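Undergrad: Just dropping this structure here.
The values are calculated or read from the model by the stated rules, or taken from the named source; none is laboratory data. Predicted, not measured: the structure shown is a model, and the values here were computed from it. Positions of Cβ are backbone-derived with ideal geometry, glycine not excepted, and every protein chain shown enters the neighbour counts.
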Amino acid sequence: MRGARILIVGAGGREHVIGWKLKTSSTPTNLFFAPGNGGTELIGENVPIGVMEIKKLLAFAKKQKIDLTIVGGEYALSEGIVDAFEKEDLRIFGPSKKASLLETDKAWSDAFMQRHNIPRPESELLNSFDAAVAYVKNTGAKNIVIKATGLAWGKGVFLPETQEEAEEALKRIFVDSEFGKAEEVLIQERIFGREVSIMAFCDGNTIVPMVPAQDHKRVNDGDRGPNTGGIGAFAPSKLSPKLSKEIYKTILVPTLKGMAKEGNPYKGVLYAGLMLTKAGPKVLEYNARFGDPEAQPVLTLLESDFLKIIDGCIKGKLTPEMVSFKRSFALCVVAAAHGYPGKFEKGKEILGLSNPMHPEVVIFQAGTKREGNKFVTDGGRVLGICATGKTMALARSAAYKIIGKQGVHFSGMHFRTDIGKS
């Protein structure tokens, strides 16, 4: 029997877990990863094509008779990969370029939320360095959040404590162009509460949420240190049925309906990063794809056939009954390279991957590559050690038991020790 030929675009831990989950489908699969990493090579074939090389990806999909393409990250979405594939009648899972503006343009996203009365922090869009500096002086640095409006590798958000810190952040955005040439910056009121990540499957008309997750952005224990692209995550995050209904009614459904009303029906995975404030849940940001590393614990808990869900989203036939999750807990601890999230080391041999693991532990590779019979570091976030358990305590114990010299390790490795800790 010919298996479904599936191309997964991306190179991180998210793409590894997507492929890993597809391998559990009732439909046999042949997986291709572009460009992939050391771990994806163990479950499929890596293809030396970058995520931004849309024409090459399209040509590969045609030549190899790919049945389905899944877009892992935001950069290919921002370049219109979905539009290009659909124009050639190729099946692809992800939102269109215009629908992806929810993530790729924070100014557009903020205006969209205003248009559709979706709860969010109060905000101001400023179009020059001087205007932004003056605004911060008037408002107070401790009361605001500064956001680069474009794609910023998860690092374009600043929570200054002083005017000097705020001005340094604005300099990085406007003067140094650290996150691409900037003509504007979004400054939001700083709101407080517990953060939660809600990802949902969408088919343009129907939206079905996954189990809530919580990620950790700051690099050090206790949420200290600089922001990262995500240094760990766990699921499910505590959310009452009442609050879940409120989020569905006031945020998820209005987002999907708003996109359809504006002529950009949203298909794929929608990610809403929320703050649970005293005044109710508010949207901090949208992502137009699975979060990374949130995808690891969430997909580990997914009980349904992942491929059938994707098929339902593409065909516009998604139903809530298609999506179910195990009544367990999962967490992902990210093992990072020395120096991350700044300049980091590469080329360090990863040891212990072949050691017997706990039966509830899976290691998803991210910043790795294979050199002969060994794996070496090749990125900032190197591994995602993911564990499940009947309780969060059991999942935590299983994950941390195999991290370090007694399990998996590499020179300069660092990780948080408080992921999933209450």
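Undergrad: I'd like to know if the range 396-409 contains one or more residues that are crowded, with 22+ Cβ neighbours inside 10 Å and closer than 23 Å to residue 41 by Cβ. Write out each step before concluding.
TA: If we filter the range 396-409 for residues that are crowded, with 22+ Cβ neighbours inside 10 Å, which is where we start, we get 396, 399, 408.
Narrowing the set further to residues that are closer than 23 Å to residue 41 by Cβ leaves 408.
Checked the range 396-409: at least one residue is crowded, with 22+ Cβ neighbours inside 10 Å and closer than 23 Å to residue 41 by Cβ.
Undergrad: Continuing with the same structure: Is one or more of the residues making up the range 315-331 touching a strand residue (DSSP E or B) at 6+ places or on another chain (Cβ under 8 Å), of a type in the set (D, E, K, R) and either outside any loop (DSSP other than H, G, I, E, B) or modelled with pLDDT under 95 (or both)?
TA: So far as the range 315-331 goes, yes, one or more of its residues are touching a strand residue (DSSP E or B) at 6+ places or on another chain (Cβ under 8 Å), of a type in the set (D, E, K, R) and either outside any loop (DSSP other than H, G, I, E, B) or modelled with pLDDT under 95 (or both).
Undergrad: Now for a separate question. Got at least one residue in the range 12-34 being buried (at least 17 other Cβ atoms within 10 Å of the Cβ), among the acidic types (Asp, Glu) and farther than 27 Å from residue 286 by Cα? Steps first, please.
TA: Our first condition is that a residue be buried (at least 17 other Cβ atoms within 10 Å of the Cβ); within the range 12-34, this holds for 12-22, 25, 29, 31-34.
So of that shortlist, the ones also among the acidic types (Asp, Glu) come out as 15.
Remaining after also requiring farther than 27 Å from residue 286 by Cα: none.
No, the conditions are met nowhere in the range 12-34.
Undergrad: Quick check on the range 324-345: of everything there that is without any contact (Cβ under 8 Å) to a residue 40 or more places away in the chain and under 30 Å from residue 200 (Cβ atoms), which residue is surrounded by the fewest Cβ atoms within 10 Å (Cβ to Cβ)?
TA: Applying the filter and picking the extreme gives 327.
Undergrad: What number of residues within the range 156-201 satisfy the criterion of being closer than 25 Å to residue 232 by Cα and of a type in the set (A, V, I, L, M, F, W, C)?
TA: Matching residues across the range 156-201 total 12.
Undergrad: Would a scan of the range 346-368 turn up a residue that is surrounded by 20 or more Cβ atoms within 10 Å (Cβ to Cβ), among the hydroxyl-bearing types (Ser, Thr, Tyr) and in contact with a helix residue (DSSP H, G or I) (Cβ under 6 Å, 6 or more places away or on another chain)?
TA: Checked against the condition, which is being surrounded by 20 or more Cβ atoms within 10 Å (Cβ to Cβ), among the hydroxyl-bearing types (Ser, Thr, Tyr) and in contact with a helix residue (DSSP H, G or I) (Cβ under 6 Å, 6 or more places away or on another chain), the range 346-368 yields no hits at all.
Undergrad: So is residue 342 small (Gly, Ala, Ser) and either at pLDDT 95 or above or in the same structural domain as residue 81 (by TED's automatic domain parsing) (or both) or not? Step through it out loud before you land on a result.
TA: Numbers: small (Gly, Ala, Ser): yes; either at pLDDT 95 or above or in the same structural domain as residue 81 (by TED's automatic domain parsing) (or both): no.
For residue 342, the condition - small (Gly, Ala, Ser) and either at pLDDT 95 or above or in the same structural domain as residue 81 (by TED's automatic domain parsing) (or both) - is not met.
Undergrad: Tell me, please, whether a residue that is over 22 Å from residue 15 (Cα atoms) and of a type in the set (Ser, Thr, Tyr) can be found in the range 343-357.
TA: Taking every residue of the range 343-357 in turn, none turns out to be over 22 Å from residue 15 (Cα atoms) and of a type in the set (Ser, Thr, Tyr).
Undergrad: Only one of 171, 147 is within 27 Å of residue 381 (Cα to Cα), charged (D, E, K, R) and surrounded by 20 or more Cβ atoms within 10 Å (Cβ to Cβ). Can you tell me which? It would help to see each step written out before you state the result.
TA: Details: 171 fails: surrounded by 20 or more Cβ atoms within 10 Å (Cβ to Cβ).
After ruling out the rest, the residue left standing is 147.
Undergrad: Scan 204, 225, 230, 268 and give me the residue that is at positive phi and in contact with an Asp or Glu (Cβ under 8 Å, 6 or more places away or on another chain).
TA: Working: 204 fails: in contact with an Asp or Glu (Cβ under 8 Å, 6 or more places away or on another chain); 225 fails: in contact with an Asp or Glu (Cβ under 8 Å, 6 or more places away or on another chain); 268 fails: in contact with an Asp or Glu (Cβ under 8 Å, 6 or more places away or on another chain).
Answer to the selection: 230.
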